[in-house]
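Notes to accompany the following structure.
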Amino acid sequence: MIKIVTDSVADLPKEIIEKYNIIVIPLNVEIDGVSYQDGVSISAEEFQNKMLSSEKLPKTSQPSPELFKEAFEKIINNGDEVLCLTISSKLSGTIQAANLAKNLIEKNDDIYIFDTLGASSGEGVQVIKAAEMASEGYSIKEIINELTKLRDEITILILLDTLENIVKGGRLSKFRGTVAKILNFKIILHNDEGAVEMLERVRGRKKFHMKVLELIEKSKVDFHDRIVGITHVNNIEDAEYFKNIIQEKYKPKEIYINYMGSTLATYAGDRGIIISF
């Protein structure tokens, strides 16, 4: 049997984790001097509330190799194979921790680690794909082949309502951030081979929504076999808005909404949204 392992940045809904018995390794987050394990000692909702009331940007860090090692050994000792999917190697050292854990295990031939080159829902939709295929009896080689295709095709749109956090975090210069704020620009970033890059900047909320829908239309994705993931920071209204339109117009195989966890929410900021398909 293949057991799926991922990290908490995948931001998967609880019901999906339970459905496929996915093992989630938490990243660490520190807010106002207090450390938490993402999704374990602090929920996404609790994190978002603390983040929005804090004057300082939270700090996130990768899991310890020991956490991965413990999970891998338990699976291997039970006679199963491990397929571990991680946040993009260009955004975090989490995959390095997973690989180190693998190397610390003597019999590790049945441990496979896959770099999703994504995060939040961009990672989550790949984890769900892997879990579905594993439950249907596909081999790890077959699953990784399909994941590689999906990773190459996936669109990840990062919608920023405020630039405060991304400027504080050094992902956007203060000058550009200040200008955009003054002009009421909303920013759309996207995933570019595992890194986050600027895609569009739009002035005004209505035009912002229209531009997002235009980008989804231009993607030319065949949605019938696609999972769509939407994660948000304190913005269920817009998340539902995009979900309803995507559901009605494109009829994807599956679509879900969840809170954005600490790692991506730290940079997305209040009302940020990530749409992945």
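The values are calculated or read from the model by the stated rules, or taken from the named source; none is laboratory data. Just so we're clear, the structure is a prediction, and the values are computed from it rather than from any experiment. As a convention, Cβ positions derive from the backbone with ideal geometry for all residues, glycine included, and neighbour counts pool all protein chains shown. With ligands, DNA and RNA removed, areas are computed over all heavy atoms of the protein, side chains included. Shrake-Rupley method; radii C 1.70, N 1.55, O 1.52, S 1.80 Å.
Checking each residue in the stretch 130-142 for being farther than 19 Å from Ile25 by Cβ and either among the basic types (Lys, Arg) or in a helix (DSSP H, G or I) (or both) picks out Glu132, Met133, Ser135, Lys141, Glu142. Listed by first and then second residue, the pairs with beta-carbon distance under 9 Å, at least 6 apart or on different chains, first residue in the stretch 10-23 and without any contact (Cβ under 8 Å) to a residue 60 or more places away in the chain, second open to solvent by 90 Å² or more (accessible area, probe 1.4 Å), are Ile23/Lys74.
The set of residues in the stretch 234-264 that are at pLDDT 95 or above, closer than 16 Å to Leu160 by Cα and β-branched (Val, Ile, Thr) contains only Ile236. The set of residues from the stretch 59-115 being among the aliphatic types (A, V, I, L, M), in contact with a strand residue (DSSP E or B) (Cβ under 8 Å, 6 or more places away or on another chain), farther than 13 Å from Thr6 by Cβ and not in a helix (DSSP H, G or I) comprises Leu91, Ile105, Ile111. Has the stretch 116-123 got at least one residue that is at pLDDT 95 or above and open to solvent by 20 Å² or more (accessible area, probe 1.4 Å)? Scanning the stretch 116-123 turns up at least one residue that is at pLDDT 95 or above and open to solvent by 20 Å² or more (accessible area, probe 1.4 Å).
Taken over the stretch 40-58, the criterion of being outside any helix (DSSP H, G or I) and at pLDDT 90 or above is satisfied by Val40, Ser41, Ile42, Ser43, Pro58.
The number of residues in the stretch 29-48 being touching a residue at least 40 places away in the same chain (Cβ under 8 Å) and loosely packed, with under 15 Cβ neighbours inside 10 Å comes to 1. Considering only the stretch 184-196, how many residues are open to solvent by 30 Å² or more (accessible area, probe 1.4 Å) and touching a strand residue (DSSP E or B) at 6+ places or on another chain (Cβ under 6 Å)? Total meeting the criteria: 5.
Give the residues of the stretch 1-34 that are aliphatic (A, V, I, L, M), more than 13 Å from the chain's Cα centre (by Cα) and under 23 Å from Ala101 (Cβ atoms), sorted by residue number. If the condition is that a residue be aliphatic (A, V, I, L, M), more than 13 Å from the chain's Cα centre (by Cα) and under 23 Å from Ala101 (Cβ atoms), then Met1, Ile2, Ile4, Val5, Ile17, Ile22, Ile23, Ile25, Val29 are the ones that fit.
One residue stands out in the stretch 70-102 among those that are over 22 Å from the mean Cα position of the chain (by Cα) and of a type in the set (Val, Ile, Thr): the one that is surrounded by the fewest Cβ atoms within 10 Å (Cβ to Cβ), namely Ile76.
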